[in-house]
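Contents: one structure, followed by commentary.
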Amino acid sequence: MRRSLRILLPYLLRYKRNLTLGAAALLGRNLLAVSLPLLIAAAVDSLTAGFRFSIVLWLCAGLVGLSAAKGICQYWMRVILIGISRDIEYDLRNDLFGHLVKLSQDFFARYRTGDIMARATNDLNAVRMMLGPGLMYSTDTIVTAVLAITVMASVDWLLTLVMLLPAPLVTLAVMVFGRRIHRRFERIQELFSDISSRVQENISGVRIIRAYVQEQSELQQFEMLNQDYIRQNLRLAKISGLFMPALHGLIGLTFLLVLWAGGYRLLTGQITIGNFLMFNVFMGMLIWPMIALGWVVNLVQRGNASLFRLHGVLSDSPSIAPPSAPRELPEPLAGAVEFRNVHVRYSAVHAVRGVTLSIPVGATVAFVGHTGSGKSTLLQLVPRMLDPDSGAVLVDGIDLREVSPSALRRQIGFVPQETFLFSATLAENIAFGVKSASEEEIRRAADLAGLTPDVEGFPAGFQTMIGERGITLSGGQKQRTAIARAILRDPRILILDDALSSVDTLTEERVLRGLSEIMRGRTTILVSHRVSTVRHADRIFVIENGAVAEEGTHAELLSLKGYYADLHLKQQLEEELQAI
């Protein structure tokens with residue numbers, strides 16, 4: 001619990017004023033609650049001394065007044081303290097999302113989407129319950145118990161001592177059951193993450209599942225996960241179910257001891273009827289805190305398990321981060337790019353091996369090569385999606401590790417190999433990087449990307465909803481939408497990673513004609529498996545096993561009769577066969 005409070009302390013300190021007010025309401029509620037048994041004891045003793053109707057009226061008025069004041073304090077205690085837990089949940093959710101969007105690619109390779117979603121929903125809710133009802137009732141229980149025991153001890157310390165005899169058993173039960181609840185809830189949260197991941201993957205890949213007729217197989221696997229989830233929840237329910245009867249048994253034992261010892265002291269004249277009744281009223285007051293103790297332990301253990309899962313994400317630092325004192329980038333960039341003896345490794349795989357090359361300002365260069373040769377890795381180094389393990393990547397002579405990634409990326413238009421579109425309108429997807437873009441600017445970007453003829457056939461034009469991941473668009477339409485998105489940013493460096501692989505040759509020619517206007521005067525880096533896409537580049541680099549194997553213009557590479565010449569010949573033959 002101490003470690004949890006250290007994690008949550010910065011959030012709690014944001015609401016110091018409300019916490020103070022909530023604590024004051026809680027203390028006021030408990031002081032008033034403790035006053036009620038004292039008033040009842042005084043009333044009974046005064047009435048046994050001699051009945052007077054006026055005393056009864058005053059005592060009744062006092063009880064009503066104290067009860068009303070206690071109710072008001074209890075109302076504000078709940079409103080303020082539960083409200084703080086909602087505020088902290090809001091802060092945690094914002095911080096979690098803000099942190100997730102800053103984390104580097106390697107984090108998302110380690111964590112599944114469903115697991116992250118489970119932490120952002122189920123775990124956050126468990127933390128809120130710990131901070132709200134859990135913290136409020138645990139504090140309320142402690143304060144009530146301390147005040148009640150203090151008053152009872154001042155009246156009859158021996159009877160109070162008898163009443164406290166079962167207390168060590170309560171402590172032992174809380175420790176034993178609390179530990180087991182914590183372990184089992186951690187397992188349940190892990191299973192919930194597995195279920196969330198399975199659902200997310202099945203929904204995203206529903207077309208593949210149908211195409212391969214794997215519906216029944218996926219249902220069976222989901223059934224197994226669900227059954228395991230139910231089993232673990234039932235195990236937790238059994239532990240919780242044993243905990244509550246154990247507490248009720250200890251409460252019954254406490255009542256029995258008070259009745260036996262208190263009755264004896266009453267009969268022997270050591271305490272008054274009023275005091276004996278006061279002890280019983282206090283015991284009644286302590287029933288709910290003792291019962292709530294079991295519920296609170298449950299909430300706290302669940303919340304602790306969830307908090308540590310959330311903290312595991314929040315404490316993960318991005319591997320690509322701005323330096324403590326970043327260098328200022330000129331705006332706009334000139335656009336010169338240089339790779340100096342760059343090496344990149346993925347675990348044991350050497351993806352890029354000692355690449356050294358320069359791209360002048362305004363030049364168009366292309367990378368070609370086998371699948372997995374390291375082309376996309378080279379491209380990802382330019383917007384600093386990756387950092388080299390050794391060597392350096394420079395833009396306008398500045399090492400990219402010395403600048404803020406966000407400042408760099410604002411001047412780069414990047415179309416990745418895997419196109420991602422959002423569940424929004426086509427216009428919103430094109431304007432994703434430029435929120436203030438006008439309709440004319442969006443239309444012009446679509447024109448240059450060769451997308452406008454397709455849009456004219458859509459039911460609502462640029463306002464057509466394209467569905468999750470652009471499901472209503474073809475592969476070529478998705479790619480051209482992504483190209484339009486990059487063009488709209490008016491970047492100084494334009495990166496196209498196999499951005500025309502899903503379009504036919506005629507569409508490719510039309511898009512390249514539109515891009516030629518955009519590419520003029522700015523640095524453009526292309527990756528493609530098609531010679532027709534890269535043939536007009538100022539410089540073409542053939543990448544093999546992460547290193548530069550050939551370089552030159554289209555004509556120079558054909559004369560070398562290496563990989564590029566073979567690729568050109570094969571694609572010419574394919575075109576001739578298609579024409580037949």
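Some observations on this one:
- DSSP bridge orientation in the stretch 429-580 - percent antiparallel, rounded to nearest 5: 50
- Extension gain for R327-I7 works out to 111.9 nm (0.36 nm per residue, less the C-alpha to C-alpha distance).
- With Cα atoms as the point set, the stretch 241-375 shows a radius of gyration and Dmax of 36.6, 105 Å.
- Packing-based order for 378-384, 6-12, 78-84, using average beta carbon neighbours within 10 Å, highest first: 378-384, 78-84, 6-12
- Descending by average beta-carbon neighbour count within 10 Å, the peptides 85-91, 479-485, 138-144 line up as 479-485, 138-144, 85-91, the highest first.
- Residues of the stretch 304-342 falling in the label zone of R410, defined by backbone nitrogen less than 19 Å from a point 7 Å along Cα to beta-carbon, are 321-336.
- At R0 = 56 Å, FRET efficiency that the Cβ-Cβ distance of L161 and V206 yields, to 0.05: 0.25
- Size descriptors for the stretch 208-267, from the alpha-carbon set: Rg then Dmax equal 25.8, 85 Å.
- Multiplying the residue separation of Q221 and N233 by 0.36 nm and subtracting their alpha-carbon distance yields 2.5 nm.
- Peptides ranked, highest mean first, by Cβ atoms within 10 Å: ranges 320-326, 270-276: 270-276, 320-326
- Estimated inter-spin distance, V199 and E544, nm [label 7 Å along Cα→Cβ]: 5.1
- Percent of C-alpha pairs per 5 Å bin in the stretch 151-299, short distances first: 2, 8, 14, 13, 10, 9, 8, 7, 6, 5, 5, 4, 3, 3, 2, 1, 0, 0.
- Calculated FRET efficiency, F458 to F108, Cβ-Cβ distance, R0 = 45 Å: about 0.90 to the nearest 0.05.
- Annotated for the chain: lysine pairs at least 8 residues apart or interchain, Cα distance under 28 Å, count 10.
- Fraction of beta bridges assigned by DSSP in the chain that are antiparallel (%, nearest 5): 50
- FRET efficiency for the pair N280 and L172, taken as 1/(1 + (r/R0)^6) with r the Cβ-Cβ distance and R0 = 25 Å, rounds to 0.45.
- Area of T464 that stays accessible when all protein chains are in place (1.4 Å probe, Å², to 10): 20
- Based on alpha-carbon atoms, the Kirkwood radius and the radius of gyration of the chain give Rg/Rh equal to 1.18.
The values are calculated or read from the model by the stated rules, or taken from the named source; none is laboratory data. On a predicted model such as this, the values are computed, not experimentally measured, just so you know. Positions of Cβ are generated from backbone atoms using ideal geometry, with glycine treated the same way; all protein chains shown enter the neighbour counts. Surface areas here come from the heavy atoms of the whole protein model, side chains and all, with no ligands, DNA or RNA. Shrake-Rupley method; radii C 1.70, N 1.55, O 1.52, S 1.80 Å.
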